[in-house]
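A short reminder: the numbers here are calculations on the coordinates, not readings from a lab. What you see is a predicted model, and the numbers here were worked out from it, not measured in a lab. As a convention, Cβ positions derive from the backbone with ideal geometry for all residues, glycine included, and neighbour counts pool all protein chains shown.
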Amino acid sequence: MMRPEDVLRSALAQLRANLLRSFFTLLGIIVSVGFLVAVVAIITGMNAYVKENIADAMVGMNTFQVRRSPISIGLFDDETLRRTQRWPKVDEADVAAVRAALPDAQAIALVSGWPTPLEDIVWRNRSIGDALVFGVTPEYQTVQDYRFEKGRPMSEIDLRERRDVIVIGPDIAEKLFEDLDPIGQSVRMAGRRFEVIGVTGSKGRVLGQSFDSFVLIPITSFESLYGRRATTNVSVKMSTAESVAPAMQRAEEAMRVARRLRPGEENNFSLSTSDALVDFWRQLTQVLFAVIPAVVGIGIVVGGIVIMNIMLMSVSERTHEIGIRKALGATRADVRRQFMTESIMLAITGGALGVFGGWLLALLIAAVSPLPARVTAWSVALALVLGAGVGVLFGVYPASRAARLDPIAAMRAE
């Protein structure tokens with residue numbers, strides 16, 4: 001009976017003796033496993049990044065929103081989309097109801113404009129295309145924790161008097177005015193002139209997307225330009241993240257009363273937090289995770305078939321060797337174990353090379369693009385298990401065929 005270390009040593013010797021053939025044999029597994037590790041690393045990194053950066057930057061951990069429809073509406077459920085399109089738009093009456101229910105809130109604002117409209121902002125002979133325009137009440141500046149580098153925030157007087165004033169992000173200020181002080185300058189937008197009253201501090205960029213390329217105008221002026229939007233929502237900022245959940249419950253009760261909804265009747269509005277944005281992103285990545293197994297599976301099966309064919313070829317080439325081993329006392333189990341070990345070693349080697357290649361690819365993508373990447377232990381373990389599984393599954397037949405060879409007939413083979 002061959003010792004396990006002898007079986008392993010023989011399998012490694014066969015790999016070294018046929019390096020080029022082994023590499024091309026494993027190419028399908030290497031590519032498939034590398035793809036798996038790289039894609040999982042990017043998706044995992046994106047999930048963590050969204051949770052740690054984007055959600056907090058866009059919504060805030062101690063804030064929530066009262067919206068007409070959920071963030072993820074219509075992504076997978078057309079029926080829900082059609083139903084929510086019949087819900088009333090959010091307006092000033094909803095702000096009043098939420099404000100009455102939440103006297104302890106730090107700020108409650110009405111905001112409109114996302115994801116549209118996009119406008120050209122023009123100053124003299126310079127312009128910025130597709131600037132993101134928000135119509136807001138002054139409290140929105142508190143909800144978003146805007147600091148002001150220049151000028152002043154929007155005020156209640158600006159809102160009540162429907163003044164054509166504008167607060168701009170630092171990217172807008174830099175591109176339009178360069179080193180010139182923008183305060184007091186007049187810009188054109190949607191056919192009207194607006195006076196620049198303030199420039200916010202920078203919030204930076206996330207995944208290459210700037211959070212500083214926006215303009216704020218009083219929602220009264222906004223609605224006179226664009227009308228009341230279906231995307232208008234109430235943004236609420238609480239003092240702590242822990243106070244958000246009970247505040248949302250009170251806001252929900254106030255909205256139901258204000259909209260005269262009977263007990264058991266479905267809400268005709270939605271409430272969302274930064275967790276909703278994270279959940280929305282996870283729904284998107286689940287689609288990718290559903291596609292990955294199919295792509296990887298095809299590559300793994302092709303790679304396994306190649307391994308089986310190569311092992312059958314190896315059995316044919318080494319028929320004389322098998323006959324000698326059996327004549328010297330090797331049992332069927334010894335021969336079967338030897339060829340199974342070679343098959344498994346081939347597949348595991350392919351899995352390990354695929355893991356290394358996928359890790360390098362993920363690092364490269366993270367280096368040349370804004371996409372983050374995090375190689376996870378479970379994806380590496382899965383890749384190696386897949387490799388070993390392919391070796392076992394597609395090595396059974398060649399190993400069994402080698403074990404069944406008659407030693408006398410095998411020794412006569414050339």
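Listed from fewest to most Cβ neighbours within 10 Å, the set VAL199, VAL335, VAL122 follows the order VAL122, VAL199, VAL335. With both labels modelled 7 Å from their Cα along Cα-to-Cβ, the MET61 to ALA388 distance reads 3.9 nm. Farthest towards the positive end of the charge dipole of the stretch 117-228, among the residues GLY129, ILE168, TYR146, is the Cα of GLY129, using unit charges on the Cβ of Lys, Arg, Asp and Glu.
The local environment of ARG152, defined by Cβ-Cβ distances under 13 Å, has a net charge of -1 under the rule Lys, Arg +1 and Asp, Glu -1.
3J(HN,Hα) along the stretch 192-200: 10, 9, 10, 8, 6, 10, x, 10, 7 Hz, from the Karplus curve 6.51 cos²θ - 1.76 cosθ + 1.60 with θ = phi - 60°, whole Hz, x for Gly and Pro.
Using a cut-off of 11 Å between beta-carbons, work out the net charge of the residues near GLU139 (Lys and Arg +1, Asp and Glu -1, GLU139 not included). Residues close to GLU139 contribute a combined charge of +1. Applied to the stretch 246-254, the Karplus parametrisation 6.51 cos²θ - 1.76 cosθ + 1.60 on θ = phi - 60° returns per-residue 3J(HN,Hα) values of x, 5, 5, 5, 5, 5, 5, 4, 5 Hz, with x for Gly and Pro. Each peptide in 353-362, 296-305 receives the mean, over its residues, of other Cβ atoms within 10 Å, and ordering these scores from highest gives 353-362, 296-305.
As a proxy for reagent exposure, ranking TYR397, TYR146 by other Cβ atoms within 10 Å from fewest up yields TYR397, TYR146. P(r) tail, the stretch 117-228: Cα-Cα pairs separated by more than 18 Å, 44% of all pairs.
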